[in-house]
Amino acid sequence: MISKYSAMVENRIPSPGPIRSWPSLRHFVVLFLALLIWSLAGSGQTDEAAPRKHNEATSSSSSPKTASHAHSSTSHPKAGTKTSGHATSKSRKSAHHPLSAKALAKSRSLHQAFVASAKLRPMAQQLTQMRSPAAYAGVTAYAQSHTGEAASAAYLALGHAYLEDKKYPEAMTSLHRSATAGQSLSDYADYLGAQANLEAKNLPAAELLLNGFATRHPDSIFVPSIPVLEANLFIQEGDPQTALAKLKPHLSEAIAGHADFQLAQAQAEQMAGQTDAAAKLFRHVYLTFPLSNEAQTAKAQLAVIGAAAPISSEERRTHADALYRAGRFNDAAEEYRALANDSDLSPGAQNEVLVAAANCDFKLKRLNKQELERLPDTQDEAGARRMYLMMELVRDKDDADAQRQIVEQMETRFSESPWLAEALYSSGNMYLLRKDYSHAIDYYAELAKRYPKSCEPEPTANCSNYSPSSHWRTAWLSYRLKRYSDAAKLMDEQIANYPGGKEIPSALYWRGRLYEQEEHQPAMAAAYYHTIIRVYQHYFYAAESRQRLAALGGVTPETVAALNAMRPETIPELSDDVPEDHPHVVKAKLLANAGLNEYIPPEIRAADGSSEWGSFAEAEIYTSYGETFHAMRVLKRAIPFYTSAPITAMPLTYWRILFPEAYWPQIKQSAAANGLDPYMVASLIRQESEFNPLAVSNKSAYGLMQLLPSVGKSMAKAEGMKRFETSQLLDPNVNIQLGCRYLKQTMDKFGGQPEYVFAAYNAGDARVVDWRSAAGEQEIDEFVESIPFTETRDYVQAILRNEDIYRSIDQVSAQTASRSRPN
């Protein structure tokens, strides 16, 4: 389970340490490499993820999860292949421009190179991800044993890796061999070769590669970037005027907005003696691109310029704040403390940055109370932030009296500060965890009253990003305490004041429940249930609403204008009609063979019409190599609201990538052996690992079903497996076998109720037992909404929601296949 103990971390509850079992150095290496692959790829566990709320009884919202296809007699095409007749309102043929004879010839040449280098792909990908001696050796052996385009792709992979490792002589040699062996990727060999020579200060060789690049490679995606390399070349040669001349014709182009362009321009201006112009550009790079390497260079150059153009304290503060917002707390703390040593800083400004540094320490779980107490208690935003941090420290100790006193002081002294909103929200979460719902309501309601507006999409006065969540928690906890009239009023406010918020499906459903069960207005209840089904078709509460409507019978819904005005998210025009013979598309596939994944998206974007099918084409490339999780992430980013879309709103090929069929035979077999629904098993896998068999979480959970080593060992013993080793959890067959047994064990423990089971799988058995006992008699939908951890609540809803999507995909697929059969 990727995040089984994440709630402990969020709420600063000690978690059990990982159980380690390293039988041999070989297995240590296997597990280390798997962890590295996963960390490089990113965990990517969120669909429609809500912002992480610090200090809550919640973690970040989890992604929807789904089950793989319970195939009956209907056969499904492999994800990424074309299906016949998925005719929908959004699926259509793209209007491709016919290719010229020259383009067709290039396409054929690229395709031949792609076929020739097909076996390079696994080795090149390993080299890109790890750049280990073994990975280098494997690709080198491949390059030396092949000729032509296959060798060219291999040498390009080596050159790219050496360049990343700053081994410039090796990079230059490999890239030269790539250009000599074949022509299909020669623009990449030239471009990367020019970079390597520039960084190695081998200027004549770099100039040779850059001269006439656009003439040699007119269709290359690198043509717009060449002026920057040329400018850097002439800067190194001490010729700033020529460097500026290279950049000047492109000042109105998109490339001029990039950090590397502006840095090159600044360096050239500085060398030309235009100090003021250079300082202005350096400042812009430093402040506009704070997370970039160019920003650090700009900072150093501003220091060189010295008194003529120092970085102001305000600019340094802006830069540090940007690091803080990006979650780079170590870097931000360093910046803040360095700024605090600036002798020109006023005592008040110095205190501000020291308190900001303390906030970084809090984020990094290393805040020292004594150091915080030594900071001045001032009547400004620094004082408000300091007091908020004091409140967090006493909350850590579960000192409710001290927490209450600090918040009361903040309400008096800092009545409009955003740090008061932070304190109120954290306090509400504290009492929610303690099951003291009346006090939790007090804090959530106070926040919603003082900060009635959300800061999204634009910050305004009296806004807070916590406003929608706080208001909803006030409404829901009022419902739990049977304050039904208060709850109804608050739910109406939620729907009216926070449209589009992630709480709206819940608010609609529970308002319908109140109309049905407390106010005895079935027609109004039906109106709310129908709205959820129409706008949030696959959500957990859509399924619950269908059940409620069935229980109501044939009730005609009331007409409610505000509900009728609600619309599902718009799905853009999408096509799976990829021009497979387009040179840029074929080249993208060839780049995958060489392990240059970072260049696949821009290569595809360079093709005409790619706005309609580009993301699908990219995902299709990853799918064709079995990289299911990578393909899924591409489409999740491209279509963030797909979970509310009707199946007919997108081509089925998109759905097959978003909801993969990977490892289906193993899933079906192990599910059957344990009496489980295979849809449910694959749905859980999709949530836990996105079907990445090498997934390793920061809590030492492994593989497809994210099993802890202790769980794996216990299940292996129950399965009669001898000499079990942790590394076996990275084997899909073993992981699914043991994971299904564990899931069955959890099902038995909780009476087969899926909502309890999924909550336990994510948050632990003990918590589910505690939540159930604290709630007393409650229906299952009440249990789900009452889960105090946002991550777990979303996790449960998402698995059930995506089971529904999987089934719907199969139903539409079967209907489509039936229509396409001859009579």
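The values are calculated or read from the model by the stated rules, or taken from the named source; none is laboratory data. Source: prediction; values computed, not measured. Don't worry about glycine lacking a Cβ; one is built from the backbone with ideal geometry, like all the others, and counts go over all protein chains shown. With ligands, DNA and RNA removed, areas are computed over all heavy atoms of the protein, side chains included. Shrake-Rupley method; radii C 1.70, N 1.55, O 1.52, S 1.80 Å.
Is it true that some residue in region 206-214 is in contact with a Ser or Thr (Cβ under 8 Å, 6 or more places away or on another chain), at pLDDT 95 or above and among the aromatic types (Phe, Trp, Tyr)?
yes
Working carefully through the options Ala606, Ala638, find the one that is touching a helix residue (DSSP H, G or I) at 6+ places or on another chain (Cβ under 6 Å), of a type outside the set (S, T, N, Q), surrounded by fewer than 22 Cβ atoms within 10 Å (Cβ to Cβ) and modelled with pLDDT under 95.
Ala638
I need the full set of residues from region 373-399 which are in a helix (DSSP H, G or I) and either β-branched (Val, Ile, Thr) or more than 21 Å from Asn429 (Cβ to Cβ) (or both), in order please.
Selection gives Glu373, Arg374, Glu381, Ala382, Gly383, Val394.
Filter region 370-396 for residues that are modelled with pLDDT of 95 or more, under 36 Å from the mean Cα position of the chain (by Cα) and loosely packed, with under 14 Cβ neighbours inside 10 Å and give the result.
None; the set is empty.
Within region 794-814, identify whether any single residue is part of a loop (DSSP other than H, G, I, E, B) and of a type outside the set (Lys, Arg), and answer yes or no.
No; the residues of region 794-814 include none that is part of a loop (DSSP other than H, G, I, E, B) and of a type outside the set (Lys, Arg).
Residue check, Asn359 against (1) out of contact with any Cys (no Cβ under 6 Å at 6 or more places or on another chain); (2) open to solvent by 10 Å² or more (accessible area, probe 1.4 Å); (3) under 26 Å from Ser454 (Cβ atoms); (4) touching a residue at least 12 places away in the same chain (Cβ under 8 Å), all met but one. Which one?
(2)
Can you spot a residue in region 744-757 that is modelled with pLDDT under 95 and open to solvent by less than 30 Å² (accessible area, probe 1.4 Å)?
no
Quick one: how many residues across region 445-493 are surrounded by fewer than 21 Cβ atoms within 10 Å (Cβ to Cβ), among the polar types (S, T, N, Q) and farther than 16 Å from Trp510 by Cα?
The total comes to 3.
What about Ser252, is it assigned to a loop (DSSP other than H, G, I, E, B) and either farther than 30 Å from Phe114 by Cβ or in contact with a Pro (Cβ under 7 Å, 6 or more places away or on another chain) (or both)?
So Ser252 fits the description; yes.
Would you please name the residue that is surrounded by the most Cβ atoms within 10 Å (Cβ to Cβ), looking only at residues in region 526-544 that are within 17 Å of Gln494 (Cβ to Cβ) and of a type in the set (A, V, I, L, M)?
Ile532
Can you confirm whether Thr242 is part of a helix (DSSP H, G or I), of a type in the set (Ser, Thr, Tyr) and more than 30 Å from Ala303 (Cα to Cα)?
no
Evaluate the following for Tyr625: is it of a type outside the set (S, T, N, Q) and either open to solvent by less than 10 Å² (accessible area, probe 1.4 Å) or within 16 Å of the chain's Cα centre (by Cα) (or both)?
no
Which residue is most open to solvent (accessible area, probe 1.4 Å), if the candidates are limited to region 424-440 and must be over 12 Å from Ser470 (Cα atoms) and within 33 Å of the chain's Cα centre (by Cα)?
Checking each candidate, the answer is Arg434.
Could you give every pair whose Cβ atoms fall below 6 Å, whose first residue belongs to region 376-387 and is more than 11 Å from Ala349 (Cα to Cα) and of a type in the set (Lys, Arg), and whose second residue is assigned to a helix (DSSP H, G or I) and open to solvent by 10 Å² or more (accessible area, probe 1.4 Å), counting only separations of at least 6 or pairs across chains?
Partner pairs satisfying both residue conditions: Arg385/Trp419.
I'd like to check something: does region 325-336 contain any residue that is part of a helix (DSSP H, G or I), open to solvent by 50 Å² or more (accessible area, probe 1.4 Å) and in contact (Cβ under 8 Å) with a residue 24 or more places away in the chain?
Scanning region 325-336, I find at least one residue that is part of a helix (DSSP H, G or I), open to solvent by 50 Å² or more (accessible area, probe 1.4 Å) and in contact (Cβ under 8 Å) with a residue 24 or more places away in the chain, so the answer is yes.
Tell me the residue from Ala135, Ala143, Ala118, Ala105 that is free of Cβ contacts under 8 Å to residues at least 40 places away in the same chain and closer than 23 Å to Glu580 by Cα, please.
Ala105
Examine region 664-672 for a residue that is more than 24 Å from Glu620 (Cα to Cα) and either in contact with a Leu (Cβ under 7 Å, 6 or more places away or on another chain) or open to solvent by less than 50 Å² (accessible area, probe 1.4 Å) (or both), and state whether such a residue exists.
yes
Could we say that Ser343 is modelled with pLDDT under 90 and either touching a strand residue (DSSP E or B) at 6+ places or on another chain (Cβ under 8 Å) or more than 26 Å from Gln274 (Cβ to Cβ) (or both) here?
So Ser343 passes the test.
Tell me which residues, restricted to region 786-803, are more than 21 Å from the chain's Cα centre (by Cα), more than 13 Å from Val681 (Cα to Cα) and open to solvent by 10 Å² or more (accessible area, probe 1.4 Å).
Hits for region 786-803 are Ser786, Pro788.
What single numbered condition from (1) touching a residue at least 40 places away in the same chain (Cβ under 8 Å); (2) not in a helix (DSSP H, G or I) fails to hold for Ala619?
With respect to (1) touching a residue at least 40 places away in the same chain (Cβ under 8 Å); (2) not in a helix (DSSP H, G or I), Ala619 is out only on (2).
Among the candidates Leu156, Leu120, Leu175, which residue alone is open to solvent by less than 30 Å² (accessible area, probe 1.4 Å), in contact with a Ser or Thr (Cβ under 6 Å, 6 or more places away or on another chain), under 30 Å from Ala105 (Cα atoms) and not basic (Lys, Arg)?
Leu156
Quickly run through region 218-239 and pick out the residues that are open to solvent by 20 Å² or more (accessible area, probe 1.4 Å), touching a residue at least 24 places away in the same chain (Cβ under 8 Å) and either touching a strand residue (DSSP E or B) at 6+ places or on another chain (Cβ under 6 Å) or farther than 23 Å from Lys299 by Cα (or both).
Across region 218-239, the qualifying residues are Asp219, Ile221, Pro224, Ser225.
Closer than 23 Å to Gln537 by Cβ, aliphatic (A, V, I, L, M), crowded, with 24+ Cβ neighbours inside 10 Å and at pLDDT 95 or above: does that describe Met632?
Yes, satisfied.
For region 553-584, enumerate the residues that are crowded, with 16+ Cβ neighbours inside 10 Å and assigned to a helix (DSSP H, G or I).
Matches in region 553-584: Leu563, Pro583, His584.
Can you pull out every residue in region 645-668 that is more than 17 Å from Glu612 (Cβ to Cβ) and either at pLDDT below 95 or touching a Pro at 6+ places or on another chain (Cβ under 9 Å) (or both)?
Pro646, Ile647, Thr648, Arg656, Pro660, Glu661, Ala662, Tyr663, Trp664, Gln666, Ile667, Lys668, listed by residue number.
Residue-wise test of (1) surrounded by 18 or more Cβ atoms within 10 Å (Cβ to Cβ); (2) within 24 Å of Ser683 (Cβ to Cβ).
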{"residue": "Ile495", "(1), (2)": "yes, no"}
{"residue": "Glu503", "(1), (2)": "yes, yes"}
{"residue": "Met524", "(1), (2)": "yes, no"}
{"residue": "Arg546", "(1), (2)": "no, yes"}
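Pick out the one residue from Thr648, Thr643 that is surrounded by fewer than 22 Cβ atoms within 10 Å (Cβ to Cβ), under 14 Å from His538 (Cβ atoms) and in contact (Cβ under 8 Å) with a residue 24 or more places away in the chain.
So the residue among Thr648, Thr643 that is surrounded by fewer than 22 Cβ atoms within 10 Å (Cβ to Cβ), under 14 Å from His538 (Cβ atoms) and in contact (Cβ under 8 Å) with a residue 24 or more places away in the chain is Thr648.
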